[in-house]
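Here is the structure we will look at, set down as structure tokens.
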Amino acid sequence: RARRRACPRPGDVDVAVVIPGLLYGADAYSELCVALTEQGYPAVVVPMQWWHWLPCLGGRSMRPVLERIDYAVDHVLAYGAESPVPDPSYTALDLLGDFWANPGGVLEVGGSGDPAEYP
């Protein structure tokens with residue numbers, strides 16, 4: 001059984017976590033992470049594919065992407081930048097489930113201009 005290292009305080013870990021831009025995946029940023037690391041700035045990219053953004057389109061909640069960012073940050077805090085962040089298991093069925101269950105959209109509460117109505 002693998003043991004996790006004690007979680008350091010956020011100020012004790014100097015790592016840049018690169019978040020892929022809208023409709024981009026991690027592969028588009030791998031060279032950036034390598035270049036930053038070679039210059040002495042350890043960097044990891046949030047492991048996600050371009051299609052992981054689809055449930056967030058149309059004014060829907062950003063929850064699916066925020067979960068991936070949280071996953072990457074937790075991994076870096078636990079294991080450091082030397083340990084690659086593993087890809088999350090996320091299938092086309094998971095995508096459909098997220099798209100169906102993710103609140104918001106221009107015709108729903110998440111698309112409202114009134115912050116009191118946000119999910």
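Structural remarks
- Take the Cα of Ser83, step 7 Å toward its Cβ, do the same at Leu57, and the gap between the two points is 3.5 nm.
- Between Ala16 and Ile69, the simple label model (points 7 Å from Cα in the Cβ direction) yields a spacing of 1.7 nm.
- Here region 37-56 and region 61-92 have alpha carbon centers that stand 9 Å from each other.
- Net charge of Cβ neighbours under 13 Å - reference Leu66; Lys, Arg +1; Asp, Glu -1: -1
- Taking the number of Cβ atoms within 10 Å of each Cβ as an exposure proxy, the fewest-first ranking of Met48, Met62 is Met62, Met48.
- Order of Ser83, Ser89, Ser61 - criterion: other Cβ atoms within 10 Å of each residue's Cβ, fewest first: Ser89, Ser83, Ser61
- Extension gain for the segment Ala35 to Thr91, taken as residue separation times 0.36 nm less the Cα-Cα distance, is 17.1 nm to one decimal.
Only the coordinates and a few stated rules stand behind these numbers; no lab work does. Remember, it's a predicted structure, so these values are computed and weren't measured experimentally. Positions of Cβ are generated from backbone atoms using ideal geometry, with glycine treated the same way; all protein chains shown enter the neighbour counts.
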